[in-house]
Amino acid sequence: MLDQLHTERPVTAIMRWLWESAKGNRLQAFLNALTGVLQVVASLLSVYAVKYTIDIASHAREGNIYVALGFMGGIILADFALGIAGTWIRNILGVRAQNRMQKRMLERVLRSEWQGKGAHHSGDILNRLEGDVNTVVIFLSETIPGALSTLMLFTGAFLYLYSMDRMLALLTVAIVPACVLLSRVYVRRMRRLTRKVRDSDSDIQAVMQETVQHIMVIKTLESDKAMLDKLSASHAGLRRNIVKRTWFSLFSNLTLNLGFAVSYLVAFGWSAVRLSAGTLTFGGMTAFLQLVSKIQSPARSLARLVPQAVGALTAAERLMELEDVPEEKDGEPIPVPAPCRLVFEDVSFRYEPASRDIFKGFSHTFLPGTATAVVGETGAGKTTLLRLILALVRPTEGGITIGEGRETVTHLHRCNFVYVPQGNTLMSGTVRDNLLLGKPDATDAELHEALRKSCCEFVSDLPEGLDTVCSEHGNGLSEGQAQRIAIARALLRDRPIMLLDEATSALDPDTERQLLENLLARRDKTVIFITHRMTVCSYCDEVLRLT
């Protein structure tokens, strides 16, 4: 289960965030508001047109019945056209708005400082980038503009009815103050319930993502039932939270609808008495009931706006939590000439203040143009060493410098590194797509040269060569083939320091030796191997043993 403990943010802070987020959606919001207002005008005109036509038909007033019918038809066509325009705006501009916010939030996640154990599960992050972004965009670009036109319809219908019968208008809206008073209690309770539902939904996505991602391990361990049971437990948690929220919502809606029903009954009785007394025409009674409906309909919509607003506040709060992770400072990359020196001076590091020291007073110099094999037992700090070099984490004490100028390593120095992680790191797409991540403008000649150096001649024998499609995680290739393509990608990046984490673990001895000879032939790079293999150690200038 995901950690669902959180501090509830002030509504004012969330509203400020929503206001800033609305900047990219204001064109759509304006167009939605404009079409909404025009639809309100058409709706109120239709009330007048119906009353006008009925009064002419019943001879309560003079006029041409055909002109009246033509007037009604024109309003209906205009309302139909406005409906089409509104649908186009919501669908076309809505997708653009959602894409824009998704990209902004993902960019913020990518710019965040890397955290050892992760502030959020990857499935939870995806859930927020999809569901919560969609909720916020709809609220900003559709719900708020819609609320404006709804409020305008409510006001216009009330004033129209007030001009015809003051007492009836006041009786019709008498329920509104009670709704306002109850809304504060409703929002607090619904906000907590909605948060639990969204967190439960993230739990489910996390379980499903891990199951699909590690399906081979699960099948091998015959743990299908365990994962399905875990998913069922998450489903049960979601159902419980939805049941609680639904009961609360039903009770609130029942109370509200009872008030609206009483209000409509009063309006119907009042107009019936006036019709019976001869102080109101049949067309007038029809207009009365239409106006009451047009007052109550937007009032209901405004009442429904409350849970929508609660959902948007919850979604915005969850997106704000993604931005709570500190952001890496902006700046231009700082290249360092090759060959490049890397120096650790009295470095100490621990992941948490209360945890053990991974490094304590560690010093070492990786000399320019040399190859170093870093070995050690599991937990000795090999992976942490790479994270410190890449400035993903910072030393608790001491410092790490790069180049002859002894500049302190920061994230701006990552442009000097190529990194081949342990395992299969290919993306879905073609072999060419994966290679071009290392150098987007590489020519075919450069691609083939990188493949040659990394012992990837097999690519030429693939059905489509460079354009052979690899599925997720390089499925369709062997582990060793995927490793070598990842090394070719790193070679195309061509930076002064190479970091290889068990990058030859899936290779046969002959291929491994040929690859090492190719990598170390020119001695123009500082190469650091994280390895358990003695073959790699034999090709290195130095072996650094971590304990």
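Here are the numbers:
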read-out: Every pair of residues 6+ apart whose Cβ atoms lie under 6 Å, when the first sits in region 146-174 and is part of a helix (DSSP H, G or I) and hydrophobic (A, V, I, L, M, F, W, C) while the second is at pLDDT 75 or above and open to solvent by less than 20 Å² (accessible area, probe 1.4 Å); value: L148/A33; M152/V40; L153/V40
read-out: Yes/no for I487 being touching a Cys at 6+ places or on another chain (Cβ under 7 Å), of a type outside the set (D, E) and open to solvent by less than 80 Å² (accessible area, probe 1.4 Å); value: no
read-out: Given (1) in contact with a Lys or Arg (Cβ under 6 Å, 6 or more places away or on another chain); (2) surrounded by fewer than 14 Cβ atoms within 10 Å (Cβ to Cβ), index of the condition T547 fails; value: (1)
read-out: Residue count for region 45-70, restricted to those that are assigned to a helix (DSSP H, G or I) and open to solvent by 40 Å² or more (accessible area, probe 1.4 Å); value: 11
read-out: Per-region count, region 21-36, residues surrounded by fewer than 17 Cβ atoms within 10 Å (Cβ to Cβ) and of a type in the set (A, V, I, L, M, F, W, C); value: 2
read-out: Any hit, region 290-304, residues being open to solvent by 80 Å² or more (accessible area, probe 1.4 Å), modelled with pLDDT of 80 or more and either closer than 22 Å to S122 by Cα or part of a helix (DSSP H, G or I) (or both); value: no
read-out: Cβ pairs under 8 Å, 6+ apart, first in region 424-442 and closer than 16 Å to E479 by Cα, second surrounded by fewer than 15 Cβ atoms within 10 Å (Cβ to Cβ) and among the polar types (S, T, N, Q); value: S428/S471
read-out: Of all residues making up region 73-114, the number that are touching a residue at least 40 places away in the same chain (Cβ under 8 Å) and either aromatic (F, W, Y) or in contact with a Phe, Trp or Tyr (Cβ under 9 Å, 6 or more places away or on another chain) (or both); value: 1
read-out: Pick from region 144-193, criterion β-branched (V, I, T) and surrounded by fewer than 21 Cβ atoms within 10 Å (Cβ to Cβ), ranking: modelled with the lowest pLDDT; value: V180
read-out: Meets criteria (open to solvent by less than 20 Å² (accessible area, probe 1.4 Å), closer than 30 Å to V197 by Cβ and out of contact with any Cys (no Cβ under 6 Å at 6 or more places or on another chain)) for A316; value: yes
read-out: Candidate set from region 419-463 (those that are modelled with pLDDT under 85 and open to solvent by 60 Å² or more (accessible area, probe 1.4 Å)); member that is farthest from the chain's Cα centre (by Cα); value: P463
read-out: Condition met for A81 (farther than 26 Å from M152 by Cα, modelled with pLDDT of 85 or more and open to solvent by 50 Å² or more (accessible area, probe 1.4 Å)); value: no
read-out: Residue in region 84-104 that is nearest to R318 (Cα to Cα), counting only those that are open to solvent by less than 90 Å² (accessible area, probe 1.4 Å) and β-branched (V, I, T); value: V95
read-out: Any chance D501 is surrounded by 15 or more Cβ atoms within 10 Å (Cβ to Cβ) and at positive phi; value: no
read-out: Residue within region 105-127 that is open to solvent by less than 30 Å² (accessible area, probe 1.4 Å), farther than 30 Å from Y351 by Cβ and assigned to a helix (DSSP H, G or I) present; value: no
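The values are calculated or read from the model by the stated rules, or taken from the named source; none is laboratory data. All values reported here derive from a predicted model rather than from experimental measurement. Positions of Cβ are generated from backbone atoms using ideal geometry, with glycine treated the same way; all protein chains shown enter the neighbour counts. Side chains are part of the model used for accessible areas, which takes the heavy atoms of the whole protein and leaves out ligands, DNA and RNA. Shrake-Rupley method; radii C 1.70, N 1.55, O 1.52, S 1.80 Å.
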